[in-house]
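Take a look at the structure set out below.
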Amino acid sequence: VHVDRLAAPEAPLKLVVVHGIGGYGRIVLGFGAPFRPDLCEVVSPDLPGYGLTSNPRNRFIFSEWTECLQDIVEAELLRDPRPIVLFGLSLGGMVAYHVACKANVSGLIATAFVDMTDAEVAAGISRFVRLSRLTLHLVQRAPALMTGLRLPARLLSKLYAISNNAELSRIVAKDPFGGATGIPLSFLQSIMSTTPAIAPEHFKRCPVLLVHPGEDQMTDIAFSRRFFDRL
């Protein structure tokens, strides 16, 4: 597992930045840059299948992401006892929530909460919304022999809107370590069927801050609120 770090050994806490589909550690590490080194150390992993972290084709499923992030949190706590805050970007927000249900973290920040077990949300974030209900239905019922089939992220999600800068979005979409990485059906199946260990109505493990961008063209803030309001 590849991990990037903005070391700040004197800082009182660690911020673990979690990427989503199309991203990886070095892309999102910059979101930690505005945080002063006297405030926090920044840790940003490449989740399995993205960046420089390898992942066998038959294990590219959602639980690999949550278990990987949980292992990273536990490893950081072994390095030193400083409190950890998770900062999830896009799909990374839900990854971070799943981990916050189990790991010893002191806070959770998310730019979005994309609950793919919610059929309306799953359809709404798809690139072709009108076709998505049919295609997602077929994905959920795809036979085992097809679960390794990889589909381009640009055909499944609104990757063109990952940034409001068109040129930056094109760069991300063509990045062989990020947006150009195919998403296997197994990942889609797993994320649409995996519920968190704690329902949001009962989550009391740490404070939660939603920082959904006001100009987000990729994920409607209404989808984040569907989950956040349950908290």
Q. Roughly how many nanometres apart are two label points built 7 Å out from the Cα toward the Cβ at A166 and L77?
A. 4.8
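Given 0.36 nm per residue, what is the gain on full extension from K204 to S63 after removing their alpha carbon distance, in nm? List each step's numbers first, then the result.
Numbers: separation 141, 0.36 × 141 = 50.76 nm, distance 2.22 nm.
Length gained between K204 and S63: 48.5 nm.
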Q: Take the chain, connect every pair of alpha-carbon atoms lying under 10 Å apart with a spring to form a Gaussian network, then pick out the residue of E41, E74, E167 with the largest mean-square fluctuation.
A: E167
Q.
Over the chain, with the other protein chains present, what is the accessible area per residue in square angstrom, probe 1.4 angstrom?
A. 49
Q: Take the chain, connect every pair of alpha-carbon atoms lying under 10 Å apart with a spring to form a Gaussian network, then pick out the residue of L52, L29, L168 with the largest mean-square fluctuation.
A: L168
Q. Per residue of the chain, what 222 nm ellipticity follows from adding -39500 (n - 2.57) for every DSSP H run with n ≥ 4, rounded to the nearest 500?
A. -9000 deg cm²/dmol
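Whenever you get a sec, compute what percent of the accessible area on the chain sits on carbon and sulfur atoms (1.4 Å probe).
On the way: 6540 of 11330 Å².
That fraction is 58 percent.
For the chain, what is the charge dipole size about the Cα centre, in debye to the nearest 20, if Lys and Arg each add +1 at the Cβ and Asp and Glu each add -1 at the Cβ? Walk me through the intermediate numbers first.
Details: 23 positive and 21 negative charges, 132 e Å.
Its charge dipole is roughly 640 debye.
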Q | (1) 40; (2) 44; (3) 29, with the label sought being that of the calculated percent of Cα pairs over 27 Å apart | A | (3)
Q) What is the spin-label model distance, in nm, from L155 to A197 if the labels are put 7 Å beyond Cα along the C-beta direction? A) 3.7
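By its C-alpha gyration tensor, with a ≥ b ≥ c as the square roots of the eigenvalues, how is segment 15-88 shaped: rounded for a/c under 1.5, else prolate for a/b larger than b/c, else oblate? List each step's numbers first, then the result.
Values: a/c = 2.69, a/b = 1.50, b/c = 1.79.
In terms of gyration-tensor shape, oblate.
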Q) Pick from L149, L91, L108: which is most flexible by mean-square fluctuation in a GNM of the chain where alpha carbon atoms under 10 Å apart are linked? A) L149
(Q) Among V42, F177, L78, which residue has its Cα furthest toward the positive end of the charge dipole of the chain, with +1 on Lys/Arg Cβ and -1 on Asp/Glu Cβ? (A) F177
Q. Which percent, nearest 5, of DSSP beta bridges in the chain are antiparallel?
A. 30
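Under the definition of Cα pairs under 8 Å and six or more residues apart, what whole-number percent is the relative contact order of the chain? Display every interim value, and only then the final one.
Details: 436 pairs, mean separation 50.8, N = 231.
Computed over the chain, the figure is 22 percent.
The values are calculated or read from the model by the stated rules, or taken from the named source; none is laboratory data. Just so it is clear, the structure is predicted and the values come from calculations on it, not from any experiment. We place every Cβ from the backbone using ideal geometry, glycine too, and count neighbours over all the protein chains shown. Ligands, DNA and RNA are stripped out before the accessible areas are found, and what is left, the full protein with its side chains, is counted by its heavy atoms. Shrake-Rupley method; radii C 1.70, N 1.55, O 1.52, S 1.80 Å.
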